[in-house]
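Data block below; observations after.
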Amino acid sequence: MAITSSVAQTPIARKISTNAVIRTVLAQGPISRADIAKFTGLSKQTISDVVRDLETDGWLRPVGKTDGRPGRTAITYELNASAGLAISIDLGGTKI
């Protein structure tokens with residue numbers, strides 16, 4: 001059995017990476033993949049995979065490009081506000 005140099009992420013590792021990306025985008029606002037990598041400590045390849053999956057699923061959306069920085073311009077992403085909804089119910093002993 002040969003050991004390969006790249007190790008596929010387990011489902012739990014992917015969930016942790018996805019959570020880290022979502023929290024970073026939520027906290028930092030529009031942000032590039034490179035900056036997400038800096039804030040999370042995840043590899044650029046992992047960030048690319050997670051961002052691509054989140055964009056495909058509709059959770060992230062591209063909103064612009066970086067400007068005034070050395071190097072190539074990068075696409076910035078933010079959470080897609082129309083991707084989900086939340087509701088809350090207060091259940092008490094005498095009222096709902």
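The values are calculated or read from the model by the stated rules, or taken from the named source; none is laboratory data. Quick caveat, the model's predicted, so the values are computed rather than measured. Neighbour counts run over all protein chains shown; Cβ positions are idealised from the backbone, glycine included. Just the protein is used for accessible areas: all its heavy atoms, side chains included, with ligands, DNA and RNA removed. Shrake-Rupley method; radii C 1.70, N 1.55, O 1.52, S 1.80 Å.
If the only charges are +1 at each Lys and Arg Cβ and -1 at each Asp and Glu Cβ, what is the size of the charge dipole of the chain around the Cα centre, to the nearest 20 debye?
Here the chain has a charge dipole of around 220 debye.
Have a look at 92, 82, 19 and report the one farthest towards the positive end of the charge dipole of the chain, computed about the Cα centre with Cβ charges (Lys/Arg +1, Asp/Glu -1).
Value: 19.
What is the local net charge at residue 44, summed over the other residues whose Cβ is closer than 14 Å to its Cβ (Lys, Arg +1; Asp, Glu -1)? All intermediate terms of the calculation are to be shown ahead of the outcome.
On the way: positive: 33, 38, 52, 72; negative: 35, 49.
Here the count lands on +2.
When a/c is below 1.5 the answer is rounded, else prolate if a/b is larger than b/c, else oblate, so apply that to the chain with a ≥ b ≥ c taken from the square roots of the Cα gyration tensor eigenvalues. Don't jump to the answer; show the numbers that get you there.
Values: a/c = 2.74, a/b = 1.38, b/c = 1.99.
It comes out oblate by the Cα gyration axes.
Tally Lys/Arg at +1 and Asp/Glu at -1 over every other residue whose Cβ is under 13 Å from the Cβ of residue 80; what's the total?
That works out to -2.
Which helices of the chain meet both criteria: a Cα extent of 24 Å or more along the helical axis and a mean Kyte-Doolittle score no lower than 1.0, with helices taken as whole DSSP H segments?
Qualifying helices: none.
Please calculate how many Å² of accessible area the chain carries per residue, with a 1.4 Å probe and no DNA, RNA or ligand atoms counted.
For the chain, the solvent-accessible area averages 77 Å² per residue.
Using a 1.4 Å probe over the heavy atoms of the protein chains, calculate the carbon and sulfur portion of the accessible area of the chain as a whole percent.
Ligands and nucleic acids excluded, carbon and sulfur reach 57 percent.
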